[in-house]
Amino acid sequence: MALDADSACAQDPQPGTQPAPERPADEPPPAKKAPAKENADNATQSASDQPTWDPLRAEKDLEVGQYYMRKGDLDAAMDRFQDATTAKPGFAVPFRFLGEAQEKKGLKKQAIKSYQRYLDMVPHADDGEKVKKRIEKLYKEVEKEKEKK
């Protein structure tokens with residue numbers, strides 16, 4: 001009696017392989033493994049509130065923000081400086097420019113915070129005295145505004 005190739009393979013194990021062991025009836029079936037995902041647990045992909053470390057983007061945001069400052073578009077400049085602080089946490093320079101844009105826009109309290117953050121990050125900055133004077137000036141203006149109310 002002749003066997004075709006399909007029926008022979010189904011009945012006879014391949015040489016060098018072992019048949020799967022039978023499991024007892026009371027044992028649960030083995031858990032299926034999830035297919036492997038590449039970089040599926042990357043924090044920047046799984047959590048939208050996590051900053052994306054991109055120092056080159058931070059430099060570009062800073063450059064574009066300065067361009068908007070020269071053009072007088074303070075809102076766009078502030079957005080770009082804010083983006084730069086997110087793209088490269090610990091990068092102090094955007095906070096100084098953000099403070100400058102906020103000061104020009106009349107957002108004095110926010111400007112004080114941005115300038116102070118800059119000084120906290122770079123306590124011995126070359127322009128530190130200039131920034132401290134700006135903070136003092138803004139603080140006095142904020143106090144005057146409080147007195148008028």
Checklist entry - What is the calculated FRET efficiency for TYR139 to ASP75, with r their C-beta to C-beta distance and R₀ = 25 Å, to the nearest 0.05? => result 0.55
Item to check | Protein accessible area in the stretch 50-149, 1.4 Å probe - carbon and sulfur % | outcome: 49 percent
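Taking a 23 Å limit on the Cα-Cα distance, which of the listed pairs LYS105/LYS146; LYS71/LYS140; LYS113/LYS140; LYS71/LYS144; LYS71/LYS105 fall beyond it?
Where the Cα-Cα span goes over 23 Å, the pairs concerned are LYS71/LYS140; LYS71/LYS144.
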Item to check | Gain in span if fully extended, THR52 to ASP127, counting 0.36 nm per residue against the direct Cα distance | outcome: 24.1 nm
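The values are calculated or read from the model by the stated rules, or taken from the named source; none is laboratory data. Note that the structure is predicted; figures quoted are calculated from it, not measured. Quick reminder, even Gly has a Cβ in these numbers, built from the backbone with ideal geometry, and neighbours come from all protein chains shown. The accessibility values were calculated without ligands, DNA or RNA, using every heavy atom of the protein model including side chains. Shrake-Rupley method; radii C 1.70, N 1.55, O 1.52, S 1.80 Å.
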